[in-house]
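Q: Handing you a structure now.
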Amino acid sequence: MTSYSSDWKLRTAEMNRMEITVSQDGRGDFTTIGEAIHTIPFYNTRRVVLRINSGVYREKVNIPRTMRFVTLVGNGSVPPTITGNDTASTVGGRTFQSATVAVDADYFMAINVKFENTAPHVVGTVGGQAVALRISGTKAAFYNCSFYGSQDTLYDHKGLHYFSNCFIQGSVDFIFGYGTSLYENCYLNSVTKKVASVTAQKRSNSSISSGFSFKNCTVSGSGSIYLGRAWGDYSRVVFSYTYMDKVVLSQGWSDWGKTSRDQKVYYGEYKCDGAGAKLTGRVPWVRVLTDEEALPFIGTYFIDGDTWLINPSSYHITS
């Protein structure tokens with residue numbers, strides 16, 4: 001991964017790294033994550049690492065745009081859980097505000113942390129969207145994290161994002177947003193009881209670079225699922241080298257009932273395997289990618305990662 005030499009802001013922040021400990025037993029600097037975050041000055045120029053001891057933190061965490069270079073680090077064996085149960089209906093009808101953890105800051109990182117929204121999905125109800133994490137800042141990375149929820153678990157809102165070795169669970173559209181994101185070695189677990197979709201990507205214009213790329217992932221769980229449905233007219237999602245269990249519907253993809261999107265969306269598959277990866281029965285507008293067509297999606301260059309990704313081993317993570 002990068003030495004971030006081309007990003008002087010990031011280089012300066014890492015050179016001046018500082019740490020804060022959060023522990024519910026009173027042995028750290030703070031007992032809650034929110035208290036620790038409130039001590040970070042606006043427009044900080046140094047990396048602030050919150051080492052969060054194991055435990056269940058029942059709090060709503062917001063990291064504003066004015067706080068950059070924030071990292072949450074947990075124990076690899078027993079990761080801390082940040083949990084909540086807000087839904088769109090309980091916070092004034094806005095999915096955006098339902099997130100247990102909301103990150104508007106740039107250069108965010110999380111390592112060994114569990115993000116959770118325990119609100120159940122009730123079929124047919126309005127306002128049941130319940131986000132575990134919303135990431136709206138750019139140049140954000142998640143390593144060995146897990147995201148648990150039902151409807152709209154992970155709001156991959158906007159910006160450049162990287163997810164490595166993460167577990168993501170939900171029922172309806174449980175990875176959604178406008179983001180430009182690479183998911184590597186991630187496990188996508190459906191808990192839907194009927195028919196739903198893993199992704200709902202919202203690229204609204206063909207000139208926008210946003211999209212979700214899944215590489216070396218696993219798609220499994222319960223129910224019957226589409227790999228993606230077109231939230232935006234030019235929705236873009238690619239799966240490569242991914243194992244797809246039988247829960248994936250033979251059609252693979254949904255245009256959300258708008259056939260006008262069939263020739264606009266970019267839904268691609270490349271060298272995937274498993275019972276759900278069979279191309280027989282796929283919608284005619286899916287793209288079975290060639291080596292050349294797949295190349296832009298299968299490296300960290302898809303998210304310009306060579307300029308900002310940091311090797312997480314530099315954080316001396318405990319396991």
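Q: Using the Karplus curve 6.51 cos²θ - 1.76 cosθ + 1.60 with θ = phi - 60°, what ³J(HN,Hα) values do you get for each residue of region 280-297, in whole Hz, with x for Gly and Pro?
A: For region 280-297, the Karplus curve yields 5, x, 5, 4, x, 9, 6, 9, 8, 6, 7, 4, 5, 6, 7, 3, x, 9 Hz.
Q: For region 199-206, just list the computed ³J(HN,Hα) in residue order, Karplus coefficients 6.51, -1.76 and 1.60, θ = phi - 60°, integers in Hz, with x standing in for Gly and Pro.
A: Listing the rounded values in order: 10, 9, 8, 10, 6, 9, 8, 5 Hz.
Q: Then there is this: Once each part is reduced to its C-alpha centroid, what is the distance from region 1-75 to region 235-300 in angstrom?
A: Taking the Cα centre of each part, region 1-75 and region 235-300 sit 37 Å apart.
Q: Let me ask something additional. Using all Cα-Cα distances in region 61-216, what percent lands in each 10 angstrom bin from 0 up to the longest?
A: Using 10 Å bins, I get a P(r) of 12, 44, 36, 7, 0 for region 61-216.
Q: Which whole-number value in Å³ per residue fits the convex hull of the alpha carbons of region 121-161? Show your work: numbers first, answer last.
A: Values: hull volume 2.5 nm³, N = 41.
That works out to 61 Å³ per residue.
Q: Let me ask something else about it. Limiting things to C-alpha atoms, what are the Rg and the maximum Cα-Cα separation (Dmax) for region 29-75, in angstroms?
A: In Å, with Rg to one decimal and Dmax whole: 10.6, 30.
Q: In sequence order, what are the phi-derived ³J(HN,Hα) couplings for region 38-55 according to the Karplus relation 6.51 cos²θ - 1.76 cosθ + 1.60 with θ = phi - 60°, rounded to whole Hz, with x for glycine and proline?
A: 5, 8, 6, x, 4, 6, 4, 10, 10, 5, 10, 9, 9, 8, 9, 5, 4, x
Q: Now for a separate question. Just the number: Rg to Rh for region 260-319, Cα atoms, Kirkwood Rh, two decimals. Don't skip to the answer; put the middle values down first.
A: Details: Rg = 17.1 Å, Rh = 14.8 Å.
Rg/Rh: 1.16.
Q: Along the positive direction of the dipole of the chain (beta-carbon charges: Lys, Arg +1; Asp, Glu -1; about the Cα centre), which of Tyr234, Val61, Gly26 reaches farthest?
A: Going by the Cα projections, it comes out as Tyr234.
Q: Using all Cα-Cα distances in region 220-319, what percent lands in each 10 angstrom bin from 0 up to the longest?
A: 14, 37, 30, 15, 4, 0
No lab work stands behind these numbers, since they all come straight from the coordinates. Because the structure is predicted, anything quoted here is derived from the model rather than measured. Methodologically, a virtual Cβ is constructed for each residue, glycine included, from the backbone with ideal geometry; neighbour enumeration extends over all protein chains shown.
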